[in-house]
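The values are calculated or read from the model by the stated rules, or taken from the named source; none is laboratory data. What you are looking at is a predicted structure, and each value in this text was computed from that prediction instead of being measured. Don't worry about glycine lacking a Cβ; one is built from the backbone with ideal geometry, like all the others, and counts go over all protein chains shown. Quick note on the areas: whole protein, heavy atoms, side chains included, nothing else; ligands and nucleic acids left out. Shrake-Rupley method; radii C 1.70, N 1.55, O 1.52, S 1.80 Å.
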Protein chains: 2
Amino acid sequence: MDNSKLGSGEKLLLAALNLIAEKGYNGVTTLEIATAAGLSEKTLFRHFGSKQKLLEAAFDRYHYAEEMKKLFSEKLVWDLEEDLLLVSKTYHEIMNRNRKMIQISFKEESQLPGFRERTHRHPLQLLDILTNYFITMAEKGKIIPVDPEAHAFAFMMMHFGAFMNDLDSHKYYASISLEPFIQNSVKIFARALKP
Amino acid sequence: MDNSKLGSGEKLLLAALNLIAEKGYNGVTTLEIATAAGLSEKTLFRHFGSKQKLLEAAFDRYHYAEEMKKLFSEKLVWDLEEDLLLVSKTYHEIMNRNRKMIQISFKEESQLPGFRERTHRHPLQLLDILTNYFITMAEKGKIIPVDPEAHAFAFMMMHFGAFMNDLDSHKYYASISLEPFIQNSVKIFARALKP
DNA sequence: GTATTGTCAGTCAGTACTGACAGTCTATTT
DNA sequence: AAATAGACTGTCAGTACTGACTGACAATAC
């Protein structure tokens, strides 16, 4: 990343985001963050006042916050495979965009109450959308009419697991890259839900 | 938990395990741990020498280390639903037994290299077993003969996701309790893999 | 009597955070 | 072109506190 053209505030936020995601809030010093940003520690405090406020600012600045409801009511085409593909790709897009924030929210959960909830708000919306989607698809007779919420949950859990597994560069399970995994997950559910 | 009959060492290990899982290694002080164990800080150092060694001792003591290969070659009955049920239940059993250690390995990854790998060794074995199981099942003509490793991976990811979601008392997605989730996951794969 | 633990006082290093002062860069004014 | 002002940054010395860790001694328990 080339941060040379960013303002000092931005440089500090980015450095903080990366380091805290890696080592945890308590595992990183303000001096380290400032140095990584190519600035002096003093500048850090002049900008943010305290380490805690720096973290909060980083969160506010970098967590992805976009409405999805409309997006979906427009894009869904009521073809199971195509729509599942859209949902899972959107899911991974959101999660990857929030990658660092999610890492932080997992590590600093006790110190930063409410963080986890915020990083999971958008994925949660997707779960909701998918559940309603399954219900409607069942009404249309395009999938079996049982357990729509359970199936939506299972689908999301599968992708949540894959994302988590990949979080620190997929080295703990056999590394299967994302794209074929998504394709396969869609096929599994398409076969399972076919009436 | 009633720890009153445990030796001092055990009390300290348990207290350390719980507190570090909750607040992270750097988020907890030796005094806190000792107090939680009902002992003095001095006793902690007399037993373990340093904070770091305490953590390592806790890991060695409490991470689940059992061979599974034999277990499975004995228990598999080559009925898809029944065997998937066994695999997923075994998986969640292992993961829950290692719950705290897994939390720690996620939070302290940078500080404790190799931890994550160790906590994931046994689940990895399961993935291996499941892959081979699918291959054999395909040879027997009991499931479709495509992508056995991808399907095994997908199955494990689904349960990994569910476990992770549940790690801090399932409050970030709609809470669906474990047992029905397992049942449903098995049904999905049974339908998807049926020839 | 031996082993284990508590108390207490204290050391030492690290770390968040501050104040005073000086330097630099940019834009505006003259 | 030169001067000036204002915003931003670096340096450095220092404060205040925390937290890992120690040593000496006393108390308790088996």
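Counting from the shortest, the label point at A:Gly7, 7 Å from Cα toward Cβ, is 6.1 nm from the same position in each remaining copy. Projecting label points 7 angstrom from Cα along Cα→Cβ for A:Arg97 and B:Glu56 puts them 4.4 nm apart.
Rounded to the nearest 500, the helix-only mean residue ellipticity at 222 nm of chain B stands at -22000 deg cm²/dmol, with each DSSP H run of n ≥ 4 adding -39,500 (n - 2.57). Expressed as a fraction of 2.2 N^0.38 Å, the value expected for a compact globular protein of N residues, the C-alpha radius of gyration of segment B:8-62 is 0.93.
Given R0 = 30 Å, the distance between the Cβ atoms of B:Glu81 and A:Trp78 translates into a calculated FRET efficiency of 0.45.
Across chain A, the longest run free of exposed loop sites, meaning GluC sites (Glu not before Pro) lying outside DSSP classes H, G, I, E and B with no more than 13 other Cβ atoms within 10 Å, spans A:68-195.
Normalised by the number of residues in chain A, the mean separation of alpha-carbon contacts (under 8 Å, six or more apart) gives a relative contact order of 20 percent.
The mean sequence separation of alpha-carbon pairs under 8 Å and at least six residues apart, normalised by the residue count of segment A:8-62, gives a relative contact order of 41 percent.
Between the Cα long axis of helix B:148-166 and the first principal axis of chain B there is an angle of about 40°, rounded to the nearest 10.
Two numbers describe the Cα atoms of chain A: Rg and Dmax, which are 20.0, 65 Å.
Buried between A and B is an accessible area of approximately 4000 Å², summed over both sides with a 1.4 Å probe.
Along segment A:31-46 the Karplus relation, 6.51 cos²θ - 1.76 cosθ + 1.60 evaluated at θ = phi - 60°, assigns HN-Hα couplings of 5, 4, 4, 4, 4, 4, 7, x, 10, 8, 4, 4, 4, 4, 6, 5 Hz to successive residues, with x for each Gly and Pro.
Taking a ≥ b ≥ c as the square roots of the Cα gyration tensor eigenvalues, segment A:63-126 comes out prolate, since a/c reaches at least 1.5 and a/b is larger than b/c.
Scanning residues 5 or more positions from A:Gly24 or on other chains, none has an amide H under 5 Å from its amide H, with H placed 1.01 Å from N in the peptide plane. In the assembly of identical copies, B:Glu74 has its label point, taken 7 Å from Cα in the direction of the beta carbon, separated from the corresponding points by 6.0 nm (ascending, one decimal).
Quote to one decimal, in nm, the extra length available between B:Thr136 and B:Leu178 on full extension: 0.36 nm per residue of separation minus the C-alpha distance between them. Separation in residues times 0.36 nm, less the Cα-Cα distance, equals 12.3 nm.
Annotation: B:Ile144 carries an accessible surface of approximately 30 Å², with a 1.4 Å probe and no ligand, DNA or RNA atoms counted. Name the residues of segment B:146-162 whose accessible area, probed at 1.4 Å, falls by at least 20 Å² once all protein chains are in place instead of their chain on its own? Residues of segment B:146-162 that lose at least 20 Å² of accessible area once the other chains are added: B:Ala150, B:His151, B:Phe153, B:Ala154, B:Met157, B:Met158, B:Phe160, B:Gly161. Viscosity 0.692 mPa s, temperature 37 °C: Stokes-Einstein D of the protein assembly as shown from its Kirkwood Cα radius, in µm² per second? In µm²/s, the coefficient rounds to 144. Label-point distances for A:Leu31 to the equivalent site in the other copies, using a point 7 angstrom along Cα→C-beta, read 2.4 nm when ranked shortest first. Remark: for residue pairs A:Lys23/A:Lys89; A:Lys100/B:Lys107; A:Lys89/B:Lys187; A:Lys100/A:Lys187; A:Lys187/B:Lys194; A:Lys53/B:Lys107, the C-alpha separation exceeds 18 Å in A:Lys23/A:Lys89; A:Lys89/B:Lys187; A:Lys100/A:Lys187; A:Lys53/B:Lys107.
Carbon and sulfur together cover what percent of the accessible area of segment B:73-171 at a 1.4 Å probe radius?
After summing per-atom areas, the C and S share lands at 49 percent.
What the Kirkwood sum gives for segment B:85-182 is a hydrodynamic radius of 14.7 Å, with every pair of different alpha carbons counted.
With a Förster radius of 30 Å applied to the beta-carbon distance between B:Arg121 and B:Glu10, the computed FRET efficiency rounds to 0.80.
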